[in-house]
Structures are given as C-alpha cells and as structure tokens.
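Let me begin by presenting the structure, written as structure tokens, before commenting on it.
Just so it is clear, none of the values below were taken in a lab; they were calculated from the coordinates. Keep in mind that what you see is a predicted model, and the values were worked out from it rather than measured. Every residue, glycine among them, receives a Cβ derived from its backbone with ideal geometry; neighbour counts consider all protein chains shown.
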Amino acid sequence: MKKNENREPLCDDIAGKDCGLKRVIDTVGGKWKIMILCVIDRNEIVRYGELRRSIHGITNTMLANSLKELEADGLVERKQYDEMPVRVEYNLTEKTKTLIPILLELKKWGEGNL
C-alpha cells in the first residue's frame with residue numbers, strides 16, 4: 001500500500017502509547033464521555049441531575065465514573081459548594097474548550113458521511 005507522503009501520518013507509533021490520537025481516543029472514547037462534554041459545552045455549567053436527565057440511557061454509575069475520569073484527565077472541573085443539600089457543578093476546562101471545535105468537525109463529518 002502506498003504511503004501518503006504529502007501529509008503527517010495520524011500516528012507514527014501505530015497504536016503505541018505515544019500516539020496522540022490513541023491518547024485522545026483513550027481519554028474521550030467510549031459511549032458517554034463525548035455526550036457529557038457536549039451537554040456541559042451547551043450549558044457551560046451543569047449539575048449532576050441535569051447531566052443525568054440530558055443523556056438518555058446513561059446509568060448513575062456510568063455518569064459518576066465518566067465524570068471522575070474526565071476530571072482526573074483535566075477535561076472537566078468539579079466545584080462542590082458548602083451547602084446543604086450539597087450542590088456540585090461541572091464545567092469544561094480551558095483545555096477542553098480547544099477540543100470542542102474538533103468534535104464539531106467530527107460531527108459534521110458524521111452527518112455528511114454516515
């Protein structure tokens with residue numbers, strides 16, 4: 001198969017740990033994480049219950065685990081207020097805001113090609 005020499009390859013280290021594309025897929029891949037990011041992007045600041053209602057089919061466990069992973073990866077910020085009942089809000093980090101235009105391009109590609 002002919003190698004495309006006119007552009008940078010997607011991954012120099014195919015499926016290796018240093019491949020940037022693989023790291024992105026590992027971080028935001030799966031069934032729910034991009035949907036979570038979309039809801040937060042649309043609303044800017046979101047509470048857990050609003051996320052749960054906005055994402056059809058997600059379980060409490062999957063939402064909680066996905067939010068913890070997104071927070072650990074620096075894509076979502078969690079702010080807990082010292083109130084009763086406890087109030088927790090989520091928003092996108094500045095790093096994630098740079099990812100949103102890329103996700104929008106993927107969305108456009110999907111609408112036109114799938």
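The Cβ shell under 13 Å around Tyr48 holds other residues with a net charge of +4, Lys and Arg each +1, Asp and Glu each -1. Sequentially through region 76-85, phi angles give Karplus couplings (6.51, -1.76, 1.60; θ = phi - 60°) of 10, 9, 10, 10, 10, 9, 7, 9, 10, x Hz, Gly and Pro residues having no value and appearing as x. Applying the Karplus relation 6.51 cos²θ - 1.76 cosθ + 1.60 with θ = phi - 60° to region 42-55 yields 3J(HN,Hα) values of 5, 9, 6, 10, 9, 8, 3, x, 5, 4, 4, 6, 7, 10 Hz, where x marks Gly and Pro. Local charge for Lys79 was computed over the other residues whose Cβ lies under 13 Å away, with Lys and Arg +1 and Asp and Glu -1, and equals -3.
Here the sum of -39500 (n - 2.57) over DSSP H runs of 4 or more residues, divided by the residues of the chain, equals -15000 deg cm²/dmol at 222 nm, to the nearest 500.
Structure note, pairs Lys22/Lys68; Lys33/Lys95; Lys33/Lys107; Lys31/Lys107; Lys31/Lys95; Lys33/Lys68: Cα-Cα distances above 18 angstrom occur for Lys22/Lys68; Lys31/Lys95.
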